[in-house]
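Engineer: Handing you this structure, nothing more for now.
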Amino acid sequence: MDDIFNNLDSFVDGFSWTIRLTLVSAAFAFAIGVLLTAMRVSPVPLLRASATVYVETIRNTPLTLVLLFCGLGLGNTMQLQFSDRVEWDVFWLAVVGLSAYTACFVAESLRAGINTIPFGQAEAARSLGLTFGQNLRLIVLPQALRTVIGPLGSVFIALTKNTTVASVAGLGVQEASREMRLLFDQGQTDVLVVFIGFAIGFIILTLPVGYFFGWLSKRLAVAR
Amino acid sequence: MNLLQQSQASVLFDAPGPKARARYTVYSVITIAALIALLAWVVIQFDRRGDQWAAEKWTPFLQPETWTAFILPGMANTLGAAAVATVFALVFGVIFGIGRLSDHAWVRVPAGMVVEFFRAIPLLMLIFFTMAIGGPLGQALTFVFAVPFRIVVDPFTAVVIGLTLYNGSVLAEIFRAGINAVPKGQSEAAYSLGMRKSQVMRLVLLPQAVTTMMPAIIMQLVVLLKDSALGYIVAFPEMLRAFTLIATGEQNVIPAAMVCAVIYIAINLSLTRLAIWLERRNARRGRATAHVGAAPGVDAAVAAVPAASVPTPSVQPDDTPEPVDRDGTDPAGPDAPGGGRPAG
């Protein structure tokens, strides 16, 4: 246990970056995901097609490649700079990659949610004279969101775990897995104890989130 | 009975009249303009910073040496690691999926804990740990057996072990959901014929569960293949690493990333098509085609999403949130021999 308490600094520091990456990327991913979903059901064929191409492309690319592209491509080659401080610069580059990647899964879940809405709902909305935008905003999306809270929770948990990939070369965000690897490389600590410590950290992060989303999805379930 | 499938373009909005058509045309033009602007910006940026569109940045991918020296060996390593991990993960999944359904608590509880643990922690951490544990493990064995042990875990082993444990755990949940979705009458009939528990599982439940879950299993293999790219981080010479080697040599990060992405997308899309085809075939044959997304306890991040991505009009029963349960109770399929009641 001493190995954990002596290295509490790197533990706390690592997980603080993990949490920051998760929350900021989740917010962007959700926004982009809703936008992509709206595009995919929109009346304009071109919008539908471009959203589909985006989702299929990013979804089938490994996250490591996406983040590597952010680090080496956007960061080094294109010299995109978000902040003067290196750690925040790579943080935002990682957020770009993680949001772009996770948004696809948000969009796919939401589309599955729209699939579950009974035909009559949108028909009734249309017969009341709602436009596409109103229909989507007031009738379809709220119900779809409530249906897919469970899957969205899983996407959020997957995002939490995926933040570990932000330690990839060219980015090197000091998140938890990188801190763990640094402790391993120093060789001063018991590998098993440190691993269990960081694993428990991730379980603490993901388990309550899972229960919370489960509770929320039951509470907000659409009664049909 | 759902929006997207009933009629793709006419539920959320009316059939466009002349005014709406004009409006949509305007929107299309705006979209095209925006896309072109975005594309132009990207092209100009890539051109300005590092001259990424220059012909000499792309010609390496036309030379056979690049492929024989870098890409093909990398691809072989990626596919090899994925193939080995797939075999192990399937075995792991079957064992722990059945273990979680055991009647004995001393099997069920530990199996459940193992599965939940490996699903809860990031795969990358598992790979780091596997690489780091070799030394201490060797020391411990030296201490116990008083014979010098020296264990060095190479990146390939670490990647395969990590992929096996994580994807095996997810597959365990998929198998469990599939076995649970087999209609109760199936196992009851098997027991009444005098089969043992192991026989019922091996001859009746598991084959049906595997058929039902085949699309979900294949989608998980896509995840596994994608995750094998994590090997890049621990210096496993797989495809992504091959491309970064080219990129450092030729200073062509953007072209290399694009070619690499195209290869991954081609492989993954063909696997996805296979899953869709199997799903449709199952549906045609009247079998329950379960999406594990709605099955209790399955990691929907990996499971629900493939289900959602499969737009199979009118054959795919995904208009309820619980397709597994609903389909599972319908034994009336043409080739579900146990479903019919014995006459007389």
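The values are calculated or read from the model by the stated rules, or taken from the named source; none is laboratory data. It should be emphasised that the depicted structure is a prediction, and the values quoted were computed from it without experimental measurement. A quick note on method: Cβ atoms are made from the backbone with ideal geometry, for glycine too, and the neighbour counts reach across all protein chains shown.
Engineer: Mind listing just one residue for me: the one in segment A:51-62 that is crowded, with 19+ Cβ neighbours inside 10 Å and at the interface with chain B (Cβ under 7 Å from one of its Cβ atoms) and, of those, nearest to B:Thr78 (Cα to Cα)?
Structural biologist: A:Pro62
Engineer: Scan segment A:155-195 for residues that are in a helix (DSSP H, G or I), within 10 Å of chain B (Cβ to nearest Cβ) and acidic (Asp, Glu) and jot them down.
Structural biologist: Across segment A:155-195, the qualifying residue is only A:Asp185.
Engineer: Name the residue that is surrounded by the most Cβ atoms within 10 Å (Cβ to Cβ), counting only residues in segment B:37-57 that are in contact (Cβ under 8 Å) with a residue 40 or more places away in the chain and facing chain A (nearest Cβ under 10 Å).
Structural biologist: B:Gln52
Engineer: Here are the criteria: (1) in contact (Cβ under 8 Å) with a residue 12 or more places away in the chain; (2) closer than 29 Å to B:Val259 by Cα; (3) hydroxyl-bearing (Ser, Thr, Tyr). Tell me which single one A:Thr57 does not satisfy.
Structural biologist: Every condition holds for A:Thr57 apart from (1).
Engineer: Does B:Gln220 satisfy the criteria of being of a type in the set (S, T, N, Q), in contact (Cβ under 8 Å) with a residue 60 or more places away in the chain, surrounded by 18 or more Cβ atoms within 10 Å (Cβ to Cβ) and within 18 Å of A:Ala158 (Cβ to Cβ)?
Structural biologist: yes
Engineer: Under the condition of being at pLDDT 85 or above and either outside any helix (DSSP H, G or I) or of a type in the set (S, T, N, Q) (or both), which residue from segment A:196-224 is surrounded by the most Cβ atoms within 10 Å (Cβ to Cβ)?
Structural biologist: Once the filter is applied, the top-ranked residue is A:Thr206.
Engineer: Out of all the residues in segment B:18-66, which are of a type in the set (Asp, Glu) and not in a loop (DSSP other than H, G, I, E, B)?
Structural biologist: B:Asp47, B:Glu56, B:Glu65, listed by residue number.
Engineer: Could you check B:Val200 against (1) farther than 18 Å from B:Val262 by Cα; (2) out of contact with any Ser or Thr (no Cβ under 6 Å at 6 or more places or on another chain) and say which number it fails?
Structural biologist: Result: B:Val200 passes all but (2).
Engineer: Hey, can you tell me all the residues within segment B:112-132 that are surrounded by 21 or more Cβ atoms within 10 Å (Cβ to Cβ) and in contact (Cβ under 8 Å) with a residue 40 or more places away in the chain?
Structural biologist: If the condition is that a residue be surrounded by 21 or more Cβ atoms within 10 Å (Cβ to Cβ) and in contact (Cβ under 8 Å) with a residue 40 or more places away in the chain, then B:Val115, B:Phe118, B:Arg119, B:Leu123, B:Leu124, B:Leu126, B:Ile127, B:Phe128, B:Met131 are the ones that fit.
Engineer: Ok, one more. Could you tell me whether any residue of segment A:177-190 is surrounded by fewer than 19 Cβ atoms within 10 Å (Cβ to Cβ), under 22 Å from B:Gly231 (Cβ atoms) and without any contact (Cβ under 8 Å) to a residue 12 or more places away in the chain?
Structural biologist: The answer is yes, given that some residue of segment A:177-190 is surrounded by fewer than 19 Cβ atoms within 10 Å (Cβ to Cβ), under 22 Å from B:Gly231 (Cβ atoms) and without any contact (Cβ under 8 Å) to a residue 12 or more places away in the chain.
Engineer: Residues that are within 9 Å of chain B (Cβ to nearest Cβ) and free of Cβ contacts under 8 Å to residues at least 24 places away in the same chain: find the helices (runs of 4 or more DSSP H) completely inside segment A:69-154 holding 2 or more of those.
Structural biologist: Ranges flagged: A:119-127.
Engineer: What's the total number of residues in segment B:238-253 that are assigned to a helix (DSSP H, G or I), at the interface with chain A (Cβ under 9 Å from one of its Cβ atoms), within 19 Å of B:Asp47 (Cα to Cα) and in contact (Cβ under 8 Å) with a residue 40 or more places away in the chain?
Structural biologist: Adding up the residues that qualify gives 1.
Engineer: Take B:Val222 and decide whether it is touching a Leu at 6+ places or on another chain (Cβ under 6 Å), within 30 Å of B:Thr68 (Cβ to Cβ) and either at the interface with chain A (Cβ under 9 Å from one of its Cβ atoms) or among the hydrophobic types (A, V, I, L, M, F, W, C) (or both).
Structural biologist: Answer is yes for this residue.
Engineer: Taking only pairs six or more apart or across chains, which ones have beta-carbon atoms under 7 Å, a first residue in segment B:133-149 that is over 23 Å from A:Asp185 (Cβ atoms), and a second residue that is of a type in the set (Ser, Thr, Tyr)?
Structural biologist: Listed pairs, sorted by first residue: B:Pro148/B:Thr142.
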